[in-house]
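Report on one structure; see the data block that follows.
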Amino acid sequence: MIMLFCFGIGAVAADAPVRVVESVDAASYMGLWYSIASIPTSFERQCIQGTTAEYTLLENGTIQVVNTCYDAEGNPDVARGHAWIPSSAESSKLKVSFVRFLGMWWFGAPYWVIDLPPDYSYAVVGHPSRKYGWILSRTPTLPDEVFAGIVDRLEAQGYRFEDFRMMDQSIHQ
């Protein structure tokens with residue numbers, strides 16, 4: 001009976017909408033982030049180590065995105081993109097695109113900030129489908145207790161942490 005009850009709670013969490021943080025201050029979010037773990041997208045599968053994301057606030061209020069990682073041979077792979085906040089009422093729900101054509105950014109994908117402490121020392125980014133997720137940090141590693149709390153909160157949101165891949169950041173240490 002207990003097993004059935006626990007399974008029921010997990011099913012409810014997975015079916016509930018992903019919850020985002022109340023708000024994100026774009027200026028505080030800017031800068032370099034290290035990827036600690038992620039559910040990789042198709043364009044990240046070759047990334048073996050050192051994945052970072054750097055965000056720069058542009059004069060028009062949109063955000064330049066530069067993602068860098070290293071493949072198995074140690075070669076850097078850089079992807080440049082663009083992010084924006086579609087609704088100022090929901091500053092924690094961004095769109096990100098890496099496809100620019102005819103001067104416009106196409107196919108913006110949801111980039112939802114779902115966990116963020118007041119000091120912006122880490123961020124957890126999710127997707128409404130839970131098919132993607134990233135644990136980001138301002139440093140190449142996170143303290144064990146902070147990481148464990150993040151994992152607990154991810155699972156409470158219906159994510160399965162076993163779907164995440166840890167990122168080797170030793171290249172940055």
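The values are calculated or read from the model by the stated rules, or taken from the named source; none is laboratory data. On a predicted model such as this, the values are computed, not experimentally measured, just so you know. When we count neighbours, we look across all protein chains shown, and the Cβ atoms used for this are built from the backbone with ideal geometry, even at glycine.
Just a few scattered comments:
- Comparison of 90, 145 shows that the only residue that is under 25 Å from residue 157 (Cβ atoms) and free of Cβ contacts under 8 Å to residues at least 24 places away in the same chain is 145.
- Inclusion of residue 51 among residues that are under 22 Å from residue 133 (Cα atoms), modelled with pLDDT of 95 or more, touching a Cys at 6+ places or on another chain (Cβ under 6 Å) and in a strand (DSSP E or B) is warranted.
One line per residue, one yes/no per condition, for (1) within 14 Å of residue 37 (Cβ to Cβ); (2) surrounded by fewer than 15 Cβ atoms within 10 Å (Cβ to Cβ); (3) not aliphatic (A, V, I, L, M):
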residue	(1), (2), (3)
116	no, no, no
121	no, yes, yes
135	yes, no, no
148	yes, yes, no
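- Residue 145, sole failed condition from (1) under 23 Å from residue 47 (Cβ atoms); (2) not in a strand (DSSP E or B): (1)
- If you go through segment 81-100 and keep only what is charged (D, E, K, R) and either under 10 Å from residue 23 (Cβ atoms) or at pLDDT 95 or above (or both), you end up with 90, 93, 95.
- Condition check for residue 18 on (1) in contact with a Lys or Arg (Cβ under 9 Å, 6 or more places away or on another chain); (2) surrounded by 15 or more Cβ atoms within 10 Å (Cβ to Cβ); (3) at pLDDT below 95: one failure, at (3).
- Scan of segment 59-70 for residues that are assigned to a loop (DSSP other than H, G, I, E, B) and surrounded by 13 or more Cβ atoms within 10 Å (Cβ to Cβ), ordered by number: 62
- Within segment 107-118, considering residues that are part of a loop (DSSP other than H, G, I, E, B), at pLDDT 95 or above and touching a strand residue (DSSP E or B) at 6+ places or on another chain (Cβ under 9 Å), the one farthest from residue 135 (Cα to Cα): 117
- Residue satisfying all of: in segment 77-106; over 20 Å from the mean Cα position of the chain (by Cα) and part of a strand (DSSP E or B); surrounded by the most Cβ atoms within 10 Å (Cβ to Cβ) among these: 100
- Residue check, residue 155 more than 19 Å from residue 44 (Cα to Cα), assigned to a helix (DSSP H, G or I) and in contact (Cβ under 8 Å) with a residue 24 or more places away in the chain: yes
- All of (1) under 12 Å from the mean Cα position of the chain (by Cα); (2) in a helix (DSSP H, G or I) hold for residue 131 with one exception: (2).
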